[in-house]
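Novice: Please read through the structure below; I'll follow up with questions.
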Amino acid sequence: MTVINNYIIAGGEEGKKRLGVLADVLKTYTRSLIESVGSPNGKRFLDIGSGGGHVSLMMSELAGPEGHVTAVDFDQDIIRLATEDAKEMGVKNVTYRFMDAYELEYESEFDVAYSRFLLSHLQKPQVVLNKMARSVRSGGRVVVEDIDFSGHFCYPSSDAFSDYVNYYSTISRNNGQNPDLGLSLHSMFKAEPMLEDFRLEVIQPYFNEGIGKWMAYFTMDKIKETIIKQGLADTVTVDAVLSKLKTFTEDKQSIISLPRIFRVSGVRL
Ligand SMILES: C[S@@+](CC[C@H](N)C(=O)[O-])C[C@H]1O[C@@H](n2cnc3c(N)ncnc32)[C@H](O)[C@@H]1O
């Protein structure tokens, strides 16, 4: 299988650590979203763009021994690491698959198809949303969480934070992806003829302290290579932004948000 990985954030082991922090910060929010789509016990879940497998493991716990989770990602290293984690933890009801989301060919096999922060990394997100809809049985749910990067905020204003938001948005758009996809997520669901009964909400955690406040800094660090590769700035400039962002994050008065997170679900006809 040929997989072209054009993901803008560093993946593998380092990427998994960043996703682990993100998963901790969002744990209660994502758990309540999954529980809100109906009793998860015994259900068959599909987790697309599963990254470090943090949500897949949460789903596997909620699904219980009668349920199952299939998790898919096109980062071979992260799939290996997540598989090792599940093995070490004795989790038996998760299967990780190294696969490009565009290659999904499931038909009515799942009760819930889920993705978090995947569609904003795709050039053709509607194609994958359609595949998610096909993958669930009639009455099953498609659930997506994704970002509106432009909805990010901090206080007080910070040039380093603005630079970070601009860099992320630019490298994403240069790759033909939409960093503000969350804004159009509901419209994308409505354009999908197989789906009805939509639910939508927005969440936006923000922090004055704690690990969540460091997400902007961690992400800037993990997009550094792409910024340089795309020729937007050199190493010295990017390191200076990182250093200023670190100082801003350490400032006890400052607050830093995550991007706005849109959460939409729909039921297959
Ligand atoms: C921001 S991470 C989110 C990971 C996980 N869903 C979470 O919330 O922790 C996006 C993941 O999507 C994966 N990804 C991006 N494009 C993909 C594609 N075309 N097919 C499969 N996985 C993809 C990346 O490798 C990465 O692990």
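Novice: With the condition kept exactly as written, say whether any residue in region 210-217 is small (Gly, Ala, Ser) and closer than 25 Å to Ile8 by Cβ.
Specialist: Initial filter on region 210-217 (small (Gly, Ala, Ser)): 210, 212, 216.
The next check asks that each one be closer than 25 Å to Ile8 by Cβ; those that pass are 212, 216.
Looking through region 210-217, at least one residue is small (Gly, Ala, Ser) and closer than 25 Å to Ile8 by Cβ.
Novice: Output the residue which, of all residues in region 12-65 that are open to solvent by 20 Å² or more (accessible area, probe 1.4 Å) and on the phi > 0 side of the Ramachandran plot, is nearest to the ligand (Cβ to nearest atom).
Specialist: Gly49
Novice: Is there any pair linking a residue in region 111-138 that is within 13 Å of Pro193 (Cα to Cα) to one that is small (Gly, Ala, Ser) and more than 8 Å from the ligand (Cβ to nearest atom), with Cβ under 6 Å and at least six apart or on different chains, and which?
Specialist: Filtered contacts from region 111-138: Met132/Ala113.
Novice: For region 123-143, name all the residues that are open to solvent by less than 20 Å² (accessible area, probe 1.4 Å) and closer than 27 Å to Ser172 by Cα.
Specialist: Taking region 123-143 and keeping what is open to solvent by less than 20 Å² (accessible area, probe 1.4 Å), we get 128-129, 132-133, 135-136, 140-143.
Listed by number, the residues that qualify are Val128, Leu129, Met132, Ala133, Val142, Val143.
Novice: Do you know which residues across region 135-163 are part of a helix (DSSP H, G or I), within 16 Å of the ligand (Cβ to nearest atom) and not hydrophobic (A, V, I, L, M, F, W, C)? Break it down stepwise before answering.
Specialist: In the first step, residues of region 135-163 are kept if they are part of a helix (DSSP H, G or I); the result is 135, 149-151, 159-163.
Pick out the ones that are also within 16 Å of the ligand (Cβ to nearest atom) and you get 135, 149.
Listed by number, the list holds a single entry, Ser135.
Novice: Restricting attention to region 77-94, and to residues there that are under 19 Å from Leu19 (Cα atoms) and either in contact with a helix residue (DSSP H, G or I) (Cβ under 9 Å, 6 or more places away or on another chain) or in a strand (DSSP E or B) (or both), which single residue is farthest from the ligand (Cβ to nearest atom)?
Specialist: Restricting to residues being under 19 Å from Leu19 (Cα atoms) and either in contact with a helix residue (DSSP H, G or I) (Cβ under 9 Å, 6 or more places away or on another chain) or in a strand (DSSP E or B) (or both), the top hit is Met89.
The values are calculated or read from the model by the stated rules, or taken from the named source; none is laboratory data. On a predicted model such as this, the values are computed, not experimentally measured, just so you know. FYI the Cβ positions are ideal-geometry reconstructions off the backbone, even for glycines, and counts take in every protein chain you see. Protein only, heavy atoms only, side chains kept; ligands, DNA and RNA dropped before computing areas. Shrake-Rupley method; radii C 1.70, N 1.55, O 1.52, S 1.80 Å.
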